[in-house]
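The values are calculated or read from the model by the stated rules, or taken from the named source; none is laboratory data. These numbers come from a predicted model, not from an experiment. With ideal geometry, Cβ positions are generated from the backbone for all residues, glycine too; neighbour counts draw on all protein chains shown. To get the accessible areas, we keep the full protein, side chains included, count just its heavy atoms, and leave off ligands, DNA and RNA. Shrake-Rupley method; radii C 1.70, N 1.55, O 1.52, S 1.80 Å.
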Amino acid sequence: SWVYEELHSVRNVRPAAHATPLGMWGTFLYAGVVHYVTRGREWFTLSHGGADHERLKPASEFSPIEYPKPDGEVSFDLLSSVALTGTNHEGNQPPHLTLKDDAVPVARNLAVFDGPEQRFCPAGVYEYLEEEGERRLQINAQNCIHCKTCDIKCPSQNIDWVVPEGGGGPAYAGM
């Protein structure tokens, strides 16, 4: 199909960022050659070098980032953006987001990685709450837009995402 051909022709562009010792400019050069000269017909396929969740580094290696507040013109708050997806889940369906072990988010993900779930989810499904001096992970599954990022990116692979019952989820206009 045309989708396969298109995706196959660019399969090495993203992994080139990991495989190219020349950094960003080497990746740009490689992508240009692949796109304009070979048209994606390389005889090889580059590897990403490991699973995405294995590449997350501890929070102690980084300084916090202060993001500006949404201005309502160029950037928007998360819940307004989720509302635009038309996401709908039936209230009585079984949960499609579960944890394999309820202790892992606080004991490992929050302690080591500063709770990446609350940042990698584009719909704000995961948030850490403090109740009676204890922190816990709150899952707001009704906001889930079914991107599956949580299943791929969770450093402990503790989040289990399954297809929800009844075909609920985003209802993007024009699709």
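Annotations
- With the helix formula -39500 (n - 2.57) applied to DSSP H stretches of n ≥ 4, the chain reaches a computed 222 nm mean residue ellipticity of -6000 deg cm²/dmol.
- Under 14 Å, Cβ to Cβ, from P116 - net charge with Lys/Arg +1 and Asp/Glu -1: -2
- If you take all other residues with their beta carbon under 15 Å from the beta carbon of E134, and give Lys and Arg +1 and Asp and Glu -1, the sum is -3.
- With every protein chain in place and a 1.4 angstrom probe, the accessible-area ranking of L129, L137, largest first, reads L129, L137.
- Measuring with a 1.4 angstrom probe and ignoring ligands and nucleic acids, F28 comes out at about 110 Å² accessible.
- Kirkwood Rh, angstrom, the stretch 1-84 [1 / mean 1/r, Cα pairs]: 16.4
- Most mobile of S63, S156, S80 in a GNM of the chain (Cα contacts under 10 Å): S63
- 3J(HN,Hα) along the stretch 84-100: 5, 6, x, 4, 9, 10, 5, x, 9, 7, x, x, 9, 10, 9, 9, 6 Hz, from the Karplus curve 6.51 cos²θ - 1.76 cosθ + 1.60 with θ = phi - 60°, whole Hz, x for Gly and Pro.
- Highest-fluctuation residue, A16, A51, A103 considered, GNM on the chain with Cα pairs under 10 Å: A16
- Solvent-accessible surface (1.4 angstrom probe) belonging to V10, in square angstrom, nearest 10: 70
- Alpha-carbon centroid distance for the pair the stretch 93-109 / the stretch 23-49, whole angstrom: 38
- Net lengthening on full extension, R11/V112 (0.36 nm per residue, minus Cα-Cα): 33.1 nm
- Of E66, E132, the residue with the largest accessible area leads and the full order is E132, E66 (1.4 Å probe).
- Of E127, E73, E61, the residue with the greatest mean-square motion in the GNM of the chain, using alpha carbon springs below 10 Å, is E73.
- Radius ratio Rg over Rh of the chain, counting only Cα atoms, Kirkwood formula for Rh: 1.02
- Heavy atoms of I139 accessible to a 1.4 Å probe, total area in Å² rounded to 10: 40
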